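Coordinate-derived values only; no laboratory data. These figures come from a predicted structure and were not determined experimentally. Quick reminder, even Gly has a Cβ in these numbers, built from the backbone with ideal geometry, and neighbours come from all protein chains shown.
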Amino acid sequence: MAPMAEPVAAAPAPPHFVIVPLPAQGHTIPMADLARLLAERGARASLVVTPVNAARLRGVAGLAARAKLRLEIVEVPFPADSGLPPGVENVDQITDYGHFLPFFLALKELAGPLEAYLRAQAVRPSCVISDWSNSWTAGVARRVGIPRLFFHGPSCFYSLCDINAATHGLQQQDDTERYLVPGMPVRVEVTMGTRPGFLNSAGFEALKDAAMEAMRTADGAVVNTFTDLEDEFIACYEVALGKPVWTLGPFCLCNRDDDAMASRGNKLGIDQSAVTAWLDAMDTDSVIYVNFGSLARKVPKYLYEVGHGLEDSGKPFVWVVKESEVSTPEVQEWLSALEARAAGRGLVVRGWAPQLAILSHRAVGGFVTHCGWNSLLESVAHGVPVVTWPHFSDQFLNERLAVDVLGVGVPIGVTAPVLLFGDEAMRFGRADVARAVSALMDGGEEADERRRRAKVYGEKARRAMEKGGSSYESLTQLIQSFTLQGGKQH
């Protein structure tokens, strides 16, 4: 009688990561990239979003389907009784400052639909990865019995400042209004206006306390950065947090072709091929790209100063202007006149821009940025130095990282935060814009060193994401840890 064959163990099911972004472009875009990274490595990734945000992710879903990736968009209804105007489901749609608190409070009502989705799965999902601001996911994950990681959008440099300031307080320097952030491996000074801390505004205290508590009770953190960029800050942050910190970035480098770059974020305000054709005609490293992110909106007075500053700099430029910034006939007429004067040297993009396609083009040699971490990291990942122009939140500390630590930035000189819907209090003019752009783009020893350092970091970013690189291997370990844990049947 032939010996019986040994039973073959069934291969473990791929781990299932349920990803819950904050409905804001600067948070949703990197988490969609994270979902793609997980799916490309064999995991299953589900992005839980509301209908408006699901519509913005159709391009991501379509690319994943064509590549046969296990990436799905899970649509849950936005609360009908939120007190917000109909259809407002993303931070960038808010036009009244008084709607921010109701918006964040409404998000807590998504706990029920998320829990229902998790419980409806035949095999319990392996892990919830939720945005730091979505503290309401903590109770859901605990009730269903699923590990939870939090995703924090800024740099580890910023996050370390934040947790140290929260734990130890800020130390005032002499009799000035400057404060020292304790526990940092480098000296970091802030003002009360530029201090670390999300949800610092009056009325948001309970939301901030809940977010800090959800951070402390999470099983770990996922951050969009890489070891060769922030090694000492990553190590210190992990110690301060007291739990694993998975650094898996730059996430943006998972977008390797035109279709992937064009599908990120929102409907483009210009055809990507038109931008590429315009850049193709320019010299290498000659063009300055200008984009202040999805939220900050310039009032006409300062929109004019930016435009005239770019014109006065004499450099070729691609400038992204929001539709909300050119909503009056006067501004439209002014912008059309600027375009006519700068024809052949300046390209104005109205609306959403294909930022990765622009930054990855050989002609782009500098970026005027608001220092949101996504934009700053995308610039670093493509070896492009920056003019730093922070507006609020983490952006001032991201500026310090770019200028003082990494040595890839020229500050425009802004020292105080501005309101989201206007920058009337901002003190700058066209001469400041022209000066900063020229300092970045004109050459000379300092400019050449910034450019060299940016290109070195760009190469290190590429290597981090390749097999054997720090981020690639960190993602391998993350997936394996949840594969070995395995899902449980309901």
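Worth pointing out:
- Placing a pseudo-label 7 Å from each Cα along the Cα-to-Cβ vector at Lys108 and Ala340 gives an inter-label distance of 5.5 nm.
- In the stretch 118-238, one over the average inverse separation of all distinct C-alpha pairs is 15.9 Å, which is the Kirkwood hydrodynamic radius.
- Under 11 Å, Cβ to Cβ, from Leu376 - net charge with Lys/Arg +1 and Asp/Glu -1: -3
- Pairwise FRET efficiency - Arg452 versus Asp81, Cβ, R0 = 56 Å, nearest 0.05: 0.50
- Along the axis of the charge dipole computed for the chain (Cβ charges of +1 for Lys and Arg, -1 for Asp and Glu, origin at the Cα centre), the listed residues Val91, Gln121, Ala32 are led at the positive end by Gln121.
- On full extension, the segment bounded by Asp312 and Ala55 gains 88.5 nm, given 0.36 nm per residue less the C-alpha separation.
- Along the chain, longest interval not containing exposed GluC sites (Glu not before Pro), exposed being DSSP loop plus at most 15 other Cβ atoms within 10 Å: 178-423
- Rounded if a/c under 1.5, otherwise prolate or oblate - the stretch 252-347, Cα gyration tensor axes: oblate
- Taking amide H as placed 1.01 Å from N in the peptide plane, the amide H of Val349 sits under 5 Å from that of Trp319, Val320, Val321, each at least 5 places away or on another chain.
- Distances between every pair of Cα atoms in the stretch 106-166, grouped in 5 Å steps from 0 to the bin holding the largest one, split as 4, 17, 24, 21, 13, 11, 7, 3, 0 percent.
- Distance-filtered residues of the stretch 94-114 - backbone nitrogen under 19 Å, label point 7 angstrom along Ser324 Cα→Cβ: 94-107
- Mean separation of Cα contacts under 8 Å, 6 or more apart, over the residue count of the chain: relative contact order %: 17 percent
- Phi to ³J(HN,Hα) by Karplus 6.51 cos²θ - 1.76 cosθ + 1.60 over the stretch 364-381, Hz, x for Gly, Pro: 7, x, x, 9, 8, 10, 6, 6, x, 4, 4, 5, 5, 5, 4, 5, 4, 4
- Dipole orientation for the stretch 266-462: of the candidates Thr369, Tyr457, Trp319, Tyr457 has the Cα lying most toward the positive pole (charges on Cβ; Lys, Arg +1; Asp, Glu -1).
- Per-residue ellipticity at 222 nm, computed for the chain from helices alone with -39500 (n - 2.57) per DSSP H run of at least four residues, works out to -13000 deg cm²/dmol.
- Nearby aspartates and glutamates by direct alpha-carbon distance to Lys267 (threshold 18 angstrom, same-chain neighbours under 8 apart not counted): Asp33, Glu89, Asp92, Asp257, Asp258, Asp259, Glu323, Glu325
- The length gained on full extension between Asp231 and Ala277, counted as 0.36 nm times the residue separation minus their Cα-Cα distance, comes to 12.7 nm.
- √(5λ) per eigenvalue of the Cα gyration tensor, the stretch 253-307, largest first, Å: 24, 18, 11
- Summed side-chain charge close to Gly197 - residues other than Gly197 whose Cβ falls under 12 Å, Lys, Arg +1, Asp, Glu -1: -2
- For the chain, the residue among Phe103, Phe392, Ala80 whose Cα projects farthest onto the positive side of the dipole built from Cβ charges is Ala80.
- Reported value for the stretch 266-462: 110 Å³ per residue, from the convex hull of its C-alpha atoms.
- Tail fraction, Cα-Cα pairs, the chain, threshold 41 Å, whole percent: 17 percent
- In the stretch 266-462, Cα pairs under 8 Å separated by at least six residues give a relative contact order of 28 percent.
- When only the Cβ of Lys, Arg, Asp and Glu is charged (+1, +1, -1, -1), the dipole of the chain relative to its Cα centre reaches about 1320 debye.
- Residues of the stretch 312-330 with amide N under 18 Å of the 7 Å Cα→Cβ point at Asp96: none
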